Every structure is written in C-alpha cells, then in structure tokens.
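The values are calculated or read from the model by the stated rules, or taken from the named source; none is laboratory data. For clarity, every value in this text was computed on a predicted model and none was experimentally measured. Glycine also receives a Cβ, built like all others from the backbone with ideal geometry; neighbour counts cover every protein chain displayed. Keep in mind that these areas ignore ligands, DNA and RNA; they rest on the heavy atoms of the full protein, side chains included. Shrake-Rupley method; radii C 1.70, N 1.55, O 1.52, S 1.80 Å.
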Amino acid sequence: MKILIVDDSSTMRRIIINTLSRIGYTDVVEGENGKSGLEKLGQGGVEMIITDWNMPEMDGLEFVKTVRGQNAAIPILMVTTNAAKEDIVEALQAGVNNYVVKPFTPETLKEKIESLLG
Amino acid sequence: MDQSEIDALLAGGGKSAKKPKADKAPAPAPAPPPAAAKPAAHEEPHKDGAGHVISELDTVTSVTERESNKIMDQLDQISRLVSRQQELITGMMQHDAAQAPGVQSAIHEVMSAGKEIQDKVFEAMDLMQFQDITRQKLERIVHHLRQIHDYIVDLLGSGLKSDAERPSISHTIAQTGTTPDENKAHADAVIEAFKTQKKG
C-alpha cells in the first residue's frame with residue numbers, strides 16, 4: 001500500500017515514515033505542502049493520505065478539500081497540532097476521515113491507520 | 001566558553017587563558033549557534049529591528065530542523081547497526097559451538113538487550129516531534145511580530161510592510177505541550193460526537 005505523507009517538517013515526515021515502517025508500511029511518498037501533495041497524488045498509486053494542517057503555500061485543509069473534489073474514497077488522516085474542537089470539526093467537515101493531535105505515540109498512529117483501513 | 005578554555009582557566013589558577021584554535025581536540029566542531037550563522041547581521045547595524053528579529057527567529061527554526069535531522073540520521077544509523085548485530089548473533093546461534101545451554105542463554109540475553117536498544121532508539125525518534133511543535137510556536141511569534149511591525153508602519157505612515165511568505169499558523173499552538181497523546185481523548189470525543197451527529 002502506497003501512503004502519501006504531506007508535512008512541511010522534514011523531521012515529522014521522518015517520524016511518521018519510521019512509525020509506518022515499524023507497522024509494515026514501507027511504500028511512502030512525501031509532499032512538503034498541499035501543492036506538492038497534489039502533485040504526488042497526481043502521479044497515481046496512492047491509497048492513503050496522512051497530512052498536516054499548517055503548511056505554507058497550500059495548507060492541509062485546502063489540500064483535503066481539493067482532494068475530496070477529485071476523490072471521495074481515499075482515506076485521509078490529519079496529523080496536526082491544532083487541537084481545538086472547532087478545528088477538528090472543520091477538518092472532518094472538509095473530508096478528513098480521522099484526526100491525530102501532535103505529539104502522538106506510535107500506538108495512536110497505528111490505531112488510527114488500522115481503523116481507516118478497516 | 002568551550003571546554004578547552006575552561007580547562008585552561010582551571011590550569012591557570014583563575015587566569016583567563018584562551019587557547020588557540022589549533023590546541024583544540026580534533027573532535028567534530030559543533031554547528032554554530034543560529035546567531036553565528038549570520039555574523040554580518042551582528043557586525044552591521046540592522047536598519048529594520050523587527051525584520052532582524054524575524055530573520056533571527058527564522059534562522060533558529062531552520063537550524064533546529066537541520067540539526068534535528070542530523071540527530072535522526074544518527075538514530076537511524078544506530079538502529080541499522082543494532083539490526084545488523086541482531087542478524088549476526090542470529091547466525092552465530094546456529095553454530096555448533098553455540099549450542100551449549102549456557103551459551104544459548106547468554107546469546108538470548110544479548111539479543112534481548114539489543115531489542116531494548118532498538119526500542120529506545122525508536123522512542124528517541126518519536127520524541128523528536130518536539131522540533132515541529134517548537135517550530136510552530138516560533139512561527140506564531142513571527143506572525144505576531146509581523147502584525148505589530150505592519151501596524152506600526154501603518155501608524156507612522158512610512159516604512160515597508162513585511163512581505164515574506166506567511167505559513168498557515170496554528171492559533172492554539174501556544175497551548176500545545178510536548179507530552180504525546182495529551183489531546184487524544186479530547187480529539188477522539190470530538191470525532192465520535194461528529195460521527196454520531198452525522199448519522200443522526
């Protein structure tokens with residue numbers, strides 16, 4: 001399964017990649033903001049998206065809305081520092097399937113990914 | 001003051017004696033602090049104080065990210081080395097000479113210790129999330145500094161407004177801590193309520 005990780009922090013992308021690798025997902029593509037995330041998504045083969053919210057150029061919320069305009073089915077997990085109730089609701093309304101607040105434990109990321117993949 | 005200078009000071013009975021650079025141990029030099037990365041900014045008075053502070057903060061965030069990635073590289077390397085060691089020990093266990101119960105037991109203990117090291121390396125990698133959180137906290141400060149700067153420019157009717165790229169800012173980042181999953185229960189409850197409401 002190919003997973004797209006969109007986060008402007010290279011450290012955070014590495015942490016997520018490491019966690020995914022420990023739970024058996026090694027096929028990963030990376031984007032550093034919503035814009036590059038859309039480019040990577042356009043190259044095909046992505047079956048799941050993990051995205052940050054606060055990024056330059058195109059933020060995660062705009063990215064999710066754009067993706068949902070093209071693809072209603074792909075699972076999207078938002079991993080962000082935004083923890084306010086209204087932020088979580090806004091992300092869910094935009095089309096996010098699940099939500100993780102940073103900092104997270106690998107167990108939480110694993111749990112959320114597994115719940116998305118059913 | 002680095003260690004060689006402290007040593008020289010102690011050896012000199014309190015006299016400050018700065019050792020020349022050549023006397024320093026050949027250990028890899030630590031990365032310069034953010035301020036040192038831009039010496040020109042200190043040598044020449046900056047005309048725009050707010051711009052200078054913003055630029056310093058931007059340097060702090062980029063240097064911290066760069067150095068965090070170096071730590072991640074080292075942790076990756078340790079992880080690879082431990083994995084290689086585990087492979088070698090597994091191979092060794094098949095050897096005739098290693099079949100004695102005492103030897104097998106000792107090998108299992110070494111394997112177990114290796115696994116603990118690997119787990120600690122992964123834990124350390126996960127803890128590096130602090131870098132992203134502190135970076136976002138600094139970005140929020142920069143955002144507010146730019147707002148103050150632009151307000152003053154408006155007030156005075158002169159000067160240039162900040163035109164640098166403004167990343168999307170988390171408006172609640174000030175409350176974000178570094179304890180993993182501190183907001184998990186809250187987020188899960190909001191998700192659950194949203195899903196229930198949607199179903200209804």
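Tabulated data for the structure shown
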quantity	calculated
The stretch B:48-199: relative contact order in percent, alpha carbon pairs under 8 Å with at least 6 residues between	28
Carbon + sulfur, % of accessible area of the stretch B:48-199 - ligands and nucleic acids excluded, 1.4 Å	61
Computed FRET value (nearest 0.05) for A:Q93 with B:F130, which takes r as the C-beta separation and R₀ as 30 Å	0.50
For the stretch A:44-49, Karplus couplings with θ = phi - 60° (6.51, -1.76, 1.60), whole Hz, Gly/Pro x	x, x, 6, 10, 7, 10
Whole-percent carbon and sulfur share, accessible surface of the stretch A:2-117, 1.4 Å	43
Solvent-accessible area per residue for the stretch B:48-199 (1.4 angstrom probe, square angstrom)	60
Accessible surface, 1.4 Å probe, highest first, among residues A:L61, B:L160	B:L160, A:L61
Fully extended contour minus Cα-Cα distance, from B:Q104 to B:H186, at 0.36 nm per residue	24.7 nm
Interface area, B with A, accessible, probe 1.4 Å, both sides summed, Å² nearest 100	3200
Interchain or long-range residues, amide H under 5 Å from A:V29's placed H	A:I3, A:L4, A:I5
Interface residues in the stretch B:105-143 - accessible area drops by 40 Å² or more relative to the isolated chain, probe 1.4 Å	B:F122, B:D126, B:Q129, B:D132, B:R135, B:Q136
Dimensionless Rg ratio for the stretch A:2-117, taking C-alpha atoms and the 2.2 N^0.38 Å reference	0.94
FRET efficiency estimate (nearest 0.05) - Cβ-Cβ, A:K2 to A:R68, R0 25 angstrom	0.85
Length added when fully stretched, B:Q197-B:A97, from 0.36 nm per residue minus Cα-Cα	29.4 nm
Cα gyration tensor, the stretch A:57-118 - rounded (a/c under 1.5), prolate or oblate	oblate
Solvent exposure of the stretch A:2-117 as accessible area per residue, Å², 1.4 Å probe	36
Members of A:K35/A:K65; A:K112/B:K195; A:K2/B:K137; A:K65/B:K198 lying beyond 22 Å, as alpha-carbon distances in this model show	A:K2/B:K137
Of A:N33, A:N71, A:N54, the one that fluctuates the most in a GNM where chain A has Cα springs shorter than 10 Å	A:N71
B:R80, B:R66, A:R22, A:R68, reordered so the largest accessible area comes first (probe 1.4 Å)	B:R80, B:R66, A:R22, A:R68
Inter-chain Cβ neighbour average for residues A:70-83, partner chain, 10 Å	3
